[in-house]
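Visitor: Below are the structure tokens for one structure; questions will follow.
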Amino acid sequence: MPTMNDVALAAKVSTATVSHVLNGTRVVHPDTVRAVEAAIAQVGYTPNILARSLARSASSTIGVAIAAVSNHYFSGTVHAIEAECSRLGLAMLFVDTHDDPAQELRAIKTLHQRRVDGILFAPAADPERRALKYLQEANVPTVLVDRLMSTDFDQVGVENVASTAQMVAHLVGHGHRRIGFVSGAPELSTSMERLQGYRDALAQAGLPWDASLVREGQSTIGPAREAVKALLALPEPPTAIVSANNLMTIGVVSAIREAGLD
């Protein structure tokens, strides 16, 4: 297997210069860089990424812990992350958390043990917030994605309160006064924010808060279906329903169809 010394001989430079070109640890003349790159191709040298990462205390790898298999909403997010990592010359190491707190903690520990430079993380509904505590205690550079659970971390997400309020206001504008709401898992920040948007819109429209019109769908299909059945069984059922996420909407529509409603 070709070594760095072989590259140095082919390029007629020192092994230290080859190392500087590979690791970017010193400014090297462009002509020398081109000579080293040509020699690498000529001898077929493959850099030892692990050894370089240990030497530099950086792996050029970003860890991603997101439930992209169980929730297709995140598939596009992971694709975008991968594209940006590729543009920046970084590798992406992805672990699916399956939105399960125990699996999530194992995933975070695995990424940390593999010396990723940082982690992009969409936290599951864990009342104990074990993964978040681990990341904070281990001082792992972390950015929370979509689910903005803690101000101790940098976070990137969408606006949930006003957007949910707009949906409710749209229904009010169409004459609905009893509007049901199927909320997500209560431990998720997105669930709390969307519920707040629902309440804000009711208040703005002068409609009373009615706790019986709010049912938890646990952010997934089955519980959301049962939540709608409970709403439709009320003595005075809602005339419209707001669903607080994509997976729950499948259950909501299914229950509506089962009831023979449009």
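The values are calculated or read from the model by the stated rules, or taken from the named source; none is laboratory data. Please read all numbers here as calculations on a predicted model, not as lab measurements. Neighbour counts are summed over all protein chains in view; Cβ atoms, including those assigned to glycine, are modelled from backbone coordinates with ideal geometry. Note: areas computed on protein heavy atoms with side chains; ligands, DNA, RNA excluded. Shrake-Rupley method; radii C 1.70, N 1.55, O 1.52, S 1.80 Å.
Visitor: Of all the helices (runs of 4 or more DSSP H) wholly in region 2-48, which have at least 3 residues that are closer than 25 Å to L90 by Cβ and either open to solvent by less than 60 Å² (accessible area, probe 1.4 Å) or of a type in the set (V, I, T) (or both)?
Guide: Details: elements: 4-11, 15-23, 30-43.
Of the helices (runs of 4 or more DSSP H) lying wholly inside region 2-48, those with at least 3 residues that are closer than 25 Å to L90 by Cβ and either open to solvent by less than 60 Å² (accessible area, probe 1.4 Å) or of a type in the set (V, I, T) (or both) span 15-23, 30-43.
Visitor: Taking only region 49-74 into account, find how many residues are in a helix (DSSP H, G or I) and either of a type in the set (D, E) or at pLDDT below 85 (or both).
Guide: Within region 49-74, residues that are in a helix (DSSP H, G or I) and either of a type in the set (D, E) or at pLDDT below 85 (or both) number 9.
Visitor: Taking V172, is it within 30 Å of F94 (Cβ to Cβ) and out of contact with any Ser or Thr (no Cβ under 8 Å at 6 or more places or on another chain)? Don't jump to the end; show me each part of the working.
Guide: Numbers: within 30 Å of F94 (Cβ to Cβ): no; out of contact with any Ser or Thr (no Cβ under 8 Å at 6 or more places or on another chain): yes.
No.
Visitor: I'm trying to understand the selection: among the residues of region 217-262, which are modelled with pLDDT of 95 or more, surrounded by 20 or more Cβ atoms within 10 Å (Cβ to Cβ) and over 22 Å from H170 (Cβ atoms)?
Guide: Scanning region 217-262 gives a single hit, R225.
Visitor: When you scan region 214-262, how many residues do you find that are more than 32 Å from the chain's Cα centre (by Cα) and β-branched (V, I, T)?
Guide: Total meeting the criteria: 1.
Visitor: Look through region 154-168, keep the residues that are of a type outside the set (S, T, N, Q) and assigned to a loop (DSSP other than H, G, I, E, B), and return whichever of them is most open to solvent (accessible area, probe 1.4 Å). Reasoning before the result, please.
Guide: Step one: list which residues in region 154-168 are of a type outside the set (S, T, N, Q), which gives 154, 156-159, 161-162, 165, 167-168.
Add one more test, that the residue is assigned to a loop (DSSP other than H, G, I, E, B), and what stays is 157-159.
Working: G157: 45, V158: 75, E159: 99 Å².
Only one residue fits best here, namely E159.
Visitor: To continue, here is another question. Criterion first (open to solvent by less than 60 Å² (accessible area, probe 1.4 Å) and free of Cβ contacts under 8 Å to residues at least 24 places away in the same chain) does S191 satisfy it?
Guide: It is false that S191 is open to solvent by less than 60 Å² (accessible area, probe 1.4 Å) and free of Cβ contacts under 8 Å to residues at least 24 places away in the same chain.
Visitor: Given the residues L93, L105, L144, L171, which is the only one that is open to solvent by 20 Å² or more (accessible area, probe 1.4 Å), in a strand (DSSP E or B) and at pLDDT 90 or above?
Guide: That would be L93, the only listed residue that is open to solvent by 20 Å² or more (accessible area, probe 1.4 Å), in a strand (DSSP E or B) and at pLDDT 90 or above.
Visitor: Shifting gears a bit: Does any residue in region 212-237 that is part of a loop (DSSP other than H, G, I, E, B) come within less than 6 Å, Cβ to Cβ, of a residue that is surrounded by 15 or more Cβ atoms within 10 Å (Cβ to Cβ) and small (G, A, S) six or more places away or on a different chain, and which pairs are these?
Guide: G217/A224; G217/A227; Q218/A185; S219/G184; S219/A185
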